[in-house]
Every structure is written in C-alpha cells, then in structure tokens.
1. Looking only at region 64-94, which residues are among the small types (Gly, Ala, Ser) and outside any helix (DSSP H, G or I)?
2. How many of the residues in region 67-86 are surrounded by 11 or more Cβ atoms within 10 Å (Cβ to Cβ) and at pLDDT below 90?
3. Pairs only if they're at least six apart or on different chains, beta carbon under 6 angstrom, first in region 15-30 and open to solvent by less than 80 Å² (accessible area, probe 1.4 Å), second of a type outside the set (Gly, Ala, Ser); list them, first residue then second.
Amino acid sequence: ENSAERHNNALCLKRVRSLTLLANNSIHLLNVGDHWNIPNNRRHGVAQRGNVSCDNCGGNHYASDCPIPRDEAKITKAKEERVARRANAQSQGRGGGAGRG
C-alpha cells in the first residue's frame, strides 16, 4: 500500500464518518419529533404518546410531565395495578402454562 492509497483510505473514512454522523442526527430528530412513518403507531420497544397513561392523573402523558401536583399514593397504586395487569396478561398468554407432555 503506497501513500496515495493511504490518503484515499483516510479520505474515505472521513467521508463515511461524516455521513454516519449526519444519518444519526437525522434519525434522532425524526425519533424525538415523532415524525416516523410507522403503520398502526407501532414502534418496537418505544412507548407511544397515544398509548401512555399518567400514573398521577390518567392523562395522555407521563407522570414526570404531569401538570398537576404529584399524588405519590395514587402513583404507587397505579404502578402496582399496571404491574399486576402485565403479570396477569403474561400468565394468560403463551408460555404461561406447564408446557406440552
């Protein structure tokens, strides 16, 4: 490998890094701004604003964003109920039984 090839490799790497940074920033902006075009409001592993319920007031936001004063007892109760619902749903679905034979 001569010096001209090393220069071209370094230039290529610089361009790849620049494009990767641009792509990463673009994806981040789309994600933060809720501009993804995903059918049926489904994102793997990401809660959707339309699917959240505030543990404090029941509104369409997270408890950390709730505009009314925090009621810790209500928040704790809502969290416990959510955990119980999830546990019940998992026990009702596949994998919750003893299995086959």
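1. Across region 64-94, the qualifying residue is only Gly93.
2. 1
3. What qualifies is Leu30/Trp36.
The values are calculated or read from the model by the stated rules, or taken from the named source; none is laboratory data. Quick caveat, the model's predicted, so the values are computed rather than measured. So basically every Cβ, Gly included, is an ideal-geometry build from the backbone, and we count neighbours across all protein chains shown. These accessible areas exclude ligands, DNA and RNA; they are computed on the full protein's heavy atoms, side chains included. Shrake-Rupley method; radii C 1.70, N 1.55, O 1.52, S 1.80 Å.
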